[in-house]
Amino acid sequence: MNASRNATDTAWALIENEKRRDRFIRRVSIAAWATTFIIVLIVAVMTSISLVEMTKAQMLGAVPWMTVMASAMPLIDVLWKLSLLVAVLSTVGIFLRLRTASLTEIQLRLAALEEMLASKPDSPRT
């Protein structure tokens with residue numbers, strides 16, 4: 001009986017350890033995404049300033065429209081790469097969370113089954 005209780009306690013301790021690790025990873029992820037979006041915002045502002053200046057130059061006839069469009073390309077490049085990164089990471093995250101959730105559920109069910117079997121008195125054998 002004591003061995004089964006230790007196994008259950010060990011299983012719950014492992015689950016709590018995984019939850020702590022998940023919380024840490026979630027905090028790091030939030031900080032990284034916040035930093036990423038701040039950097040994207042800075043790039044957007046810098047590109048917008050350049051784009052406004054180039055548009056003014058085009059209105060005066062100093063540069064063609066392709067030069068104006070070329071000044072917008074760094075922002076477009078950053079945004080499509082960021083959206084691709086978010087799409088890939090969120091898809092991978094969904095698959096990993098589904099797998100982790102099912103493995104945790106299996107572990108909990110096995111621990112409950114072990115506890116149930118350990119709590120039954122041994123029946124006499126015939």
*Dividing the alpha-carbon radius of gyration of the range 12-126 by 2.2 N^0.38 Å (N being the number of residues), what value is obtained?*
2.06
*Pull up all non-local amide H partners of VAL63: gap of 5 or more, or a different chain, and H-to-H distance under 5 Å with H placed in the peptide plane.*
GLN58
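Hey, what did the chain get for relative contact order, percent, Cα under 8 Å, at least 6 apart?
41 percent
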*Tilt relative to the chain, helix 65-119 - C-alpha long axis, 0 to 90 degrees, to 10*: 0 degrees
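Bear in mind that the values in this text are calculations on the coordinates, not laboratory data. Remember, predicted model here, so these are calculated numbers, not experimental data.
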